Amino acid sequence: MDFTVARTFSSLYIILDICWLLLYAGLLLYLKRRMAIIAGVIAGVVYFLIDYGVFYRLLGTRIIEGADPLWFLIWLSMSYGFTNLTWIWLLFDRDGHAVEWSLLPILGWITIGQLSQSFGSGFGEISISRGTVSYHGIMALVLCVGYLIVIFNNLRGRKAINILWLLSIGIGVQFAWEASLLICGIRPASWQPVVINSLIETNLGITYIYFIHKYFTRRWKEDLSVRS
């Protein structure tokens with residue numbers, strides 16, 4: 001199934017989002033969540049390489065109107081790459097503050113979206129879109145392999161990994177992002193992006209992120225001090 005994932009929003013959204021990202025990153029620094037910050041920055045770079053290098057340059061599925069593609073995709077990739085990955089990383093920490101860590105990005109996305117829709121009429125309009133048929137199959141394959149590794153681990157009798165917990169995070173983070181865009185009128189009203197993207201896009205990497213998080217947090221604490 002091919003469908004178009006599109007957004008139309010005021011350039012005020014970018015200004016507000018950058019301010020929010022700086023505030024959010026500053027809070028993480030203050031709370032010494034340094035490992036989460038590093039993971040988020042790396043995710044932003046990876047997202048950019050995929051979005052700009054693959055979707056825009058290689059496949060030509062990404063279309064951008066009203067902004068310079070390079071700088072726009074640097075911002076876009078770092079925005080949702082940093083936010084999504086830090087959110088996932090902090091949930092994997094299981095520090096008893098899952099609700100607080102989850103409310104932070106959701107409140108930011110909805111507030112920024114609503115403010116830009118209400119006060120962005122004097123700013124330039126940006127429209128972006130991308131098709132999905134050329135890469136959702138590969139994404140589904142990556143997702144399948146990751147969950148097969150987890151299933152095999154559990155069936156071998158090793159320490160069980162909570163699959164429902166992984167699914168709730170992998171699907172929930174992307175759903176929150178898609179729903180906030182829909183609520184704010186940035187994403188056209190369509191069920192495919194909300195349902196299909198939520199099932200595949202962030203969820204495809206959740207098992208790999210789990211193992212990466214497990215590897216590094218065994219050796220270092222969130223403030224990057226070495227575990228004794």
Residue-wise HN-Hα coupling along the range 44-56, computed from phi with Karplus coefficients 6.51, -1.76, 1.60 (Hz; x: Gly, Pro): x, 5, 5, 4, 5, 4, 6, 5, 7, x, 9, 5, 7
Virtual spin-label span in nm between Lys221 and Leu103, 7 Å along Cα→Cβ: 2.6
The range 1-159, relative contact order in percent, only Cα pairs under 8 angstrom and at least six apart counted: 43
Hz values of 3J(HN,Hα) by residue in the range 167-172 - Karplus curve (6.51, -1.76, 1.60), Gly and Pro given as x: 4, 5, 6, x, 7, x
Label-point gap, in nm, between Leu155 and Trp191 - each point 7 angstrom along Cα→Cβ: 3.2
Peptides ranked, highest mean first, by Cβ atoms within 10 Å: ranges 160-170, 92-102, 43-53: 43-53, 160-170, 92-102
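From the square roots a ≥ b ≥ c of the eigenvalues of the alpha-carbon gyration tensor of the chain, which class results: rounded (a/c under 1.5), prolate (a/b over b/c), or oblate? Walk me through the numbers before you get to the answer.
Numbers: a/c = 1.88, a/b = 1.33, b/c = 1.42.
Since a/c reaches 1.5 but b/c is at least a/b, the shape of the chain is classed as oblate.
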Choice from Met35, Met78, Met139 showing the highest fluctuation, given a GNM over the chain with Cα pairs closer than 10 Å: Met139
Most mobile listed residue (Arg218, Arg158, Arg62) in the chain, GNM with C-alpha springs under 10 Å: Arg158
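With a ≥ b ≥ c taken as the square roots of the eigenvalues of the C-alpha gyration tensor of the range 3-67, please select rounded if a/c is under 1.5 and otherwise prolate if a/b is larger than b/c or oblate if it is not?
Since a/c reaches 1.5 but b/c is at least a/b, the shape of the range 3-67 is classed as oblate.
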Total formal charge among the other residues, if their Cβ is under 13 angstrom from that of Cys184, Lys/Arg +1 and Asp/Glu -1: 0
Residue-wise HN-Hα coupling along the range 121-127, computed from phi with Karplus coefficients 6.51, -1.76, 1.60 (Hz; x: Gly, Pro): 5, x, 9, x, 9, 10, 10
Label-to-label distance, nm, for residues given as Ile50 and Trp165 (7 Å Cα→Cβ offset): 2.4
The chain - mean residue ellipticity at 222 nm from DSSP helices (-39,500 (n - 2.57) per run, n ≥ 4, rounded to 500): -20500 deg cm²/dmol
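Read-outs throughout are calculated quantities, based only on the coordinates presented, and are distinct from any laboratory measurement. Owing to the predicted nature of the structure, the values given are computational and were not obtained by experimental measurement. So basically every Cβ, Gly included, is an ideal-geometry build from the backbone, and we count neighbours across all protein chains shown.
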